[in-house]
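For reference, the structure is listed below as structure tokens.
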């Protein structure tokens, strides 16, 4: 009888232990099921290409003083981009790689010795393939810190051709800045209003031996329905030991109706060394989208550089661009007229002239 009782007690203990173990495993499994899965990395990319023909067809010039379309009577690849985005909890990362002349000229200081397009490559040429690469951390739901390389906040146009309504670039974009490398804080002030402040390397430098830095800032706001948006941008500091730079920039975008929208950009840059110089200008973009498959944009721009700080002179340009949307593919026929205050363009016989006319056909694909 005693042995039988001991057997009953031992058997009950074993059953209890198994039940507890089963309960623990079940609870653990349920706990695992409630943990959020690791977010997937998002991949995207684009390709742009174009054909450009300047109707003067001079022998020794392309009649081109803006970025990324320095060719004549040639089919050209612009840039292939591959982008990856990932976030987890409060942190995230974006990496965008760009291959092609557009990407190289965007990162000209890393691609070419002395930052001169067409010069021999630098010893850190691989940096030129990085269009953007930055980390961010959300301290709160209203404050984000970002560190790395990103497209500049200054200006209306961007390097990715698929995000612009004109294919050829404005003078305001072409004479910079293109990007910043540094640290910034974005702060929401509630509603549609925010500001950004940061510090970066001198303009368009992913790497530098200079101890000089630039202060960057932006104030942005919008109407309640976001139909109108306003951005006031700034960069200031020393480009090098001898030159100080300050730039103010204004961007305004507006939706007038479902078929018509506008964009406006004005900028002024001052440089002070032994003498004081400046350049600036303004551009307006009128966008008409009568149907979902077709859009039309006209850009009118004035670029003033009487001091010849960054260009051969001052320019007026008018660019008319169509957009035929075929799913992810967009076909962009374009006509452009450039006029200079000096004879900076060339005729067919290479004699100087103040204006020139160009046709262009481009295509972009996003995926």
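A few notes on this one:
- Evaluating residue 207 against the criteria (1) buried (at least 16 other Cβ atoms within 10 Å of the Cβ); (2) touching a helix residue (DSSP H, G or I) at 6+ places or on another chain (Cβ under 8 Å) leaves one unmet condition, (1).
- Filter result for residue 83 (part of a strand (DSSP E or B), more than 21 Å from residue 126 (Cβ to Cβ), out of contact with any helix residue (DSSP H, G or I) (no Cβ under 6 Å at 6 or more places or on another chain) and at pLDDT 95 or above): no
- Residues of region 100-116 that are touching a helix residue (DSSP H, G or I) at 6+ places or on another chain (Cβ under 6 Å) and either more than 16 Å from residue 159 (Cα to Cα) or not in a loop (DSSP other than H, G, I, E, B) (or both): 104, 108, 109, 110, 111, 115.
- Region 140-175, residues that are over 23 Å from residue 83 (Cα atoms) and either surrounded by fewer than 19 Cβ atoms within 10 Å (Cβ to Cβ) or touching a strand residue (DSSP E or B) at 6+ places or on another chain (Cβ under 6 Å) (or both): 140, 141, 142, 143, 170, 171, 172
- Residues that are surrounded by fewer than 16 Cβ atoms within 10 Å (Cβ to Cβ) and over 16 Å from residue 231 (Cβ atoms), drawn from region 259-285: 259, 260, 272, 273, 274, 275, 276
- Residue within region 140-153 that is part of a loop (DSSP other than H, G, I, E, B) and more than 26 Å from residue 280 (Cα to Cα) present: yes
- Hits in region 158-172 (condition: in contact (Cβ under 8 Å) with a residue 40 or more places away in the chain and closer than 23 Å to residue 135 by Cα): 159, 160
- Residue 120 falls short on exactly one of the conditions (1) within 30 Å of residue 195 (Cβ to Cβ); (2) surrounded by fewer than 19 Cβ atoms within 10 Å (Cβ to Cβ); (3) in contact with a strand residue (DSSP E or B) (Cβ under 8 Å, 6 or more places away or on another chain), and that condition is (1).
- Whichever residue in region 50-73 is over 17 Å from residue 161 (Cβ atoms) and without any contact (Cβ under 8 Å) to a residue 60 or more places away in the chain and, among such residues, is surrounded by the fewest Cβ atoms within 10 Å (Cβ to Cβ): 73
- Of the residues making up region 74-94, those that are more than 23 Å from residue 322 (Cβ to Cβ), in contact (Cβ under 8 Å) with a residue 12 or more places away in the chain, exposed (fewer than 14 other Cβ atoms within 10 Å of the Cβ) and in contact with a strand residue (DSSP E or B) (Cβ under 9 Å, 6 or more places away or on another chain) number 2.
- Test: residue in region 171-186 that is out of contact with any helix residue (DSSP H, G or I) (no Cβ under 6 Å at 6 or more places or on another chain) and farther than 24 Å from residue 238 by Cα: no
The values are calculated or read from the model by the stated rules, or taken from the named source; none is laboratory data. Note that this is a predicted model, so its numbers are computed, not measured. Note: ideal-geometry Cβ built from the backbone for every residue, glycine included; neighbour counts use all protein chains shown.
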